[in-house]
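Scroll down for the structure; my scribbles are underneath it.
The values are calculated or read from the model by the stated rules, or taken from the named source; none is laboratory data. What you see is a predicted model, and the numbers here were worked out from it, not measured in a lab. Using ideal geometry, Cβ is built from the backbone for each residue, glycine included, and neighbour counts are taken over all protein chains shown.
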Amino acid sequence: MFIILKAIFFALIAYLIGSIPTGYLIVKIKTNQDIRTIGSGSTGATNVKRVLGKKWFFIVMIIDAVKGIIPVAFAKLLSVDALGLYAVISAIFVIIGHSKPLYLPLRGGKSVATGVGTLIALNPAVGILIALIWAVITYFSRYVSLGSICALLASPFLMYLFKNPPFYVAYCAFAGIYIVYLHRENIKRLIRGQENKVR
């Protein structure tokens, strides 16, 4: 019973932190616009860039990554758990919170930066490698979505190669599939050659 209550506690904390709509709040404060009515309708960093430019793209991306780090690091700090179960529960619920936030009508971002933040908290080396893969693919292809999809799909393999607990590897597989699902419209546009490139 205690294990279940502890899992619920970490899941709830992570979901509430993940639900903080960084991009929505920044755009609302600076322009009084609802970012959900602009561009892709996402509250993530890429859509923020359409309104506020490259500087705020990076600011939102960093804040969203920190949002992913905090609950996972908190779970690791408070629970001595060799399997990493509570950290993984926190990771799952923080990315769900970001994409389906409580504070907005379940319409948030695509959880890429927050997902990378969870990986940094689980294993800094893997998280940094994933961020580098994202940066390289995005830079050369000019597609943020393609960089995001490829980087997150690579995460379970890297987590396994770095000899992390099976729960970590399973989480990475879940996160990769979940983030691909959130990018399903981007994938359709990539196939049609209609996806927007970053400048």
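Here are a few things to note about the model shown:
- The residues on offer are Tyr143, Tyr178, and the sole one that is within 24 Å of Ile38 (Cα to Cα), within 16 Å of the chain's Cα centre (by Cα) and of a type in the set (Phe, Trp, Tyr) is Tyr178.
- Extreme residue, farthest from Leu104 (Cα to Cα), among residues of the range 23-46 that are more than 18 Å from the chain's Cα centre (by Cα) and in a loop (DSSP other than H, G, I, E, B): Gly39
Yes or no, residue by residue, for (1) of a type outside the set (D, E, K, R); (2) more than 20 Å from Val144 (Cα to Cα); (3) without any contact (Cβ under 8 Å) to a residue 12 or more places away in the chain:
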{"site": "Gly18", "(1), (2), (3)": "yes, yes, no"}
{"site": "Gly23", "(1), (2), (3)": "yes, no, no"}
{"site": "Arg36", "(1), (2), (3)": "no, no, no"}
{"site": "Thr43", "(1), (2), (3)": "yes, no, no"}
{"site": "Lys49", "(1), (2), (3)": "no, no, no"}
{"site": "Asp64", "(1), (2), (3)": "no, no, no"}
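- Test: residue in the range 96-111 that is buried (at least 24 other Cβ atoms within 10 Å of the Cβ), within 20 Å of Ile3 (Cα to Cα) and of a type outside the set (Lys, Arg): no
- Condition check for Tyr171: over 22 Å from Val198 (Cα atoms), of a type in the set (Phe, Trp, Tyr) and more than 14 Å from the chain's Cα centre (by Cα): no
- Residue match in the range 149-168 (condition: touching a Ser or Thr at 6+ places or on another chain (Cβ under 7 Å), in contact (Cβ under 8 Å) with a residue 12 or more places away in the chain and not aromatic (Phe, Trp, Tyr)): no
Conditions (1) of a type in the set (A, V, I, L, M, F, W, C); (2) surrounded by 21 or more Cβ atoms within 10 Å (Cβ to Cβ); (3) modelled with pLDDT of 90 or more, marked per residue:
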site	(1), (2), (3)
Pro21	no, yes, yes
Tyr24	no, yes, yes
Lys28	no, no, yes
Gln33	no, no, yes
Ser40	no, no, no
Asn47	no, yes, yes
Val60	yes, yes, yes
Ile70	yes, no, yes
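- Hey, Gly176 in contact with a helix residue (DSSP H, G or I) (Cβ under 7 Å, 6 or more places away or on another chain) and buried (at least 23 other Cβ atoms within 10 Å of the Cβ) or not: no
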